[in-house]
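**Q** I am attaching a structure below and will ask some questions about it afterwards.
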Amino acid sequence: MDNIFSSIQTCAKRIKKAIDIKDIGYSNQENSSGETQLQLDIQCDMIIEKEFSKVASINTISSEEKEHTVALHEDGEYFISYDPLDGSSLVDVNLSVGSIFGIYKGGFGSQNMVAACYVVYGPRVEMVFAHNKVKLYLLQEGEFEYVKEIRLKEKGKLNAPGGTQQNWEPYHKEMVDSFFAEGYRLRYSGGMVPDLHQILLKGGGLFSYPATSDKPQGKLRKLFEVFPFAFVYEKAGGEAIDGKQRVLDLGHAHIHDTSPCFFGSKYEIARVKEVYAQHGS
Ligand code: P6P
């Protein structure tokens, strides 16, 4: 695992350089989710694949930017899924973006998840690595320095409601509004990594990306986005559900499967469970 952690640090430094200098024009390609790929998406994907190919313990990788998995080392015990640059379209408006990694042992799948990691490229470059604990690191003078352990409180103050509001179910809108009626603050940038990072660092709240009329299976990808953050939030003392059940109890049929998702402190997730038990499919 140490070699993987070290390799991700190298990836993060190289990706930061690519963000700072790379042409952010669109390529003529689409990813498996039908999203037009930025040159930068492809560049960051190549950086990670090249660095991971040097780590003998990595058996196979799967990327949001690749249709299929890529076998690296047949004797490796770890399988890594990743989103090389989540929210990449935010780069051209100078908002924070991130890389997300899910680390599985013996094969891809929520039941095999043993660690998760994400990197936030913002005013500072920070990394969160979740194994037994959730640890925060800050890139300083070319090295990632340990800062602190991250823990969620029982209840927070931030509300990050994702998805197109006109496509929400009425009961979902009522639930979102109920938190605002309690004084929660709206904190939503459209970047999953900074939005979830902010809730973690501020001690709690709710991030939601529900099933909507235009995306009945949600938008966020299980292997590359939802499972890794579910692992981080649970290790930090929070919860992650799909509205009904624990995200990390979900299976996946295809590596690009999506899921509705709710990440947060226990108080907020209890409200989601209560509302969705009465309405949700
Ligand atoms: P919406 C970025 O494209 C992304 O995949 C996540 O980073 C983010 O949480 C979500 O989509 C935003 O989606 O529909 O709210 O713009």
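Yes/no matrix, rows are residues, columns are (1) at pLDDT 95 or above; (2) of a type in the set (Phe, Trp, Tyr):
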{"position": "Met1", "(1), (2)": "no, no"}
{"position": "Ile8", "(1), (2)": "yes, no"}
{"position": "Asp41", "(1), (2)": "no, no"}
{"position": "Leu72", "(1), (2)": "yes, no"}
{"position": "Phe101", "(1), (2)": "yes, yes"}
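**Q** Tell me the strands (runs of 3 or more DSSP E) entirely within the range 79-172 that contain at least 2 residues that are open to solvent by less than 10 Å² (accessible area, probe 1.4 Å).
**A** Of the strands (runs of 3 or more DSSP E) lying wholly inside the range 79-172, those with at least 2 residues that are open to solvent by less than 10 Å² (accessible area, probe 1.4 Å) span 97-105, 113-121, 125-130, 134-140, 158-161.
**Q** Of all the residues that make up the range 3-22, how many are open to solvent by 70 Å² or more (accessible area, probe 1.4 Å) and charged (D, E, K, R)?
**A** Residues that pass the stated criteria total 4.
**Q** Specify the residue that is nearest to Gln278 (Cα to Cα); the eligible residues are those in the range 161-187 that are within 13 Å of the ligand (Cβ to nearest atom) and in contact with a helix residue (DSSP H, G or I) (Cβ under 6 Å, 6 or more places away or on another chain).
**A** So the residue we want is Pro161.
**Q** So which of Val120, Val125, Val147 ends up being farther than 19 Å from Glu225 by Cβ and within 17 Å of the chain's Cα centre (by Cα)?
**A** When all the criteria are applied, what remains is Val125.
**Q** How many residues are touching a strand residue (DSSP E or B) at 6+ places or on another chain (Cβ under 7 Å) and either modelled with pLDDT under 90 or closer than 19 Å to Leu223 by Cβ (or both) when one looks only at the range 12-24?
**A** 1
**Q** Kindly indicate whether any position in the range 248-267 is buried (at least 23 other Cβ atoms within 10 Å of the Cβ) and part of a helix (DSSP H, G or I).
**A** Taking every residue of the range 248-267 in turn, none turns out to be buried (at least 23 other Cβ atoms within 10 Å of the Cβ) and part of a helix (DSSP H, G or I).
**Q** Could you identify the single residue in Gly162, Gly156 that is modelled with pLDDT of 95 or more and under 14 Å from the mean Cα position of the chain (by Cα)? First the steps, then the outcome.
**A** Details: Gly156 fails: under 14 Å from the mean Cα position of the chain (by Cα).
So the residue among Gly162, Gly156 that is modelled with pLDDT of 95 or more and under 14 Å from the mean Cα position of the chain (by Cα) is Gly162.
**Q** Quickly run through the range 191-222 and pick out the residues that are among the aromatic types (Phe, Trp, Tyr) and either at pLDDT below 95 or open to solvent by less than 10 Å² (accessible area, probe 1.4 Å) (or both).
**A** Result: Phe207, single match.
**Q** Regarding Asp86, is this residue within 16 Å of the ligand (Cβ to nearest atom), in contact with a strand residue (DSSP E or B) (Cβ under 7 Å, 6 or more places away or on another chain), among the charged types (D, E, K, R) and in contact (Cβ under 8 Å) with a residue 12 or more places away in the chain?
**A** Answer is yes for this residue.
The values are calculated or read from the model by the stated rules, or taken from the named source; none is laboratory data. Note that the structure is predicted; figures quoted are calculated from it, not measured. Note that we place each Cβ from the backbone using ideal geometry, even for glycine, and neighbour counts take in every protein chain shown. Only protein heavy atoms, including side chains, enter the accessible area calculation; ligands, DNA and RNA are left aside. Shrake-Rupley method; radii C 1.70, N 1.55, O 1.52, S 1.80 Å.
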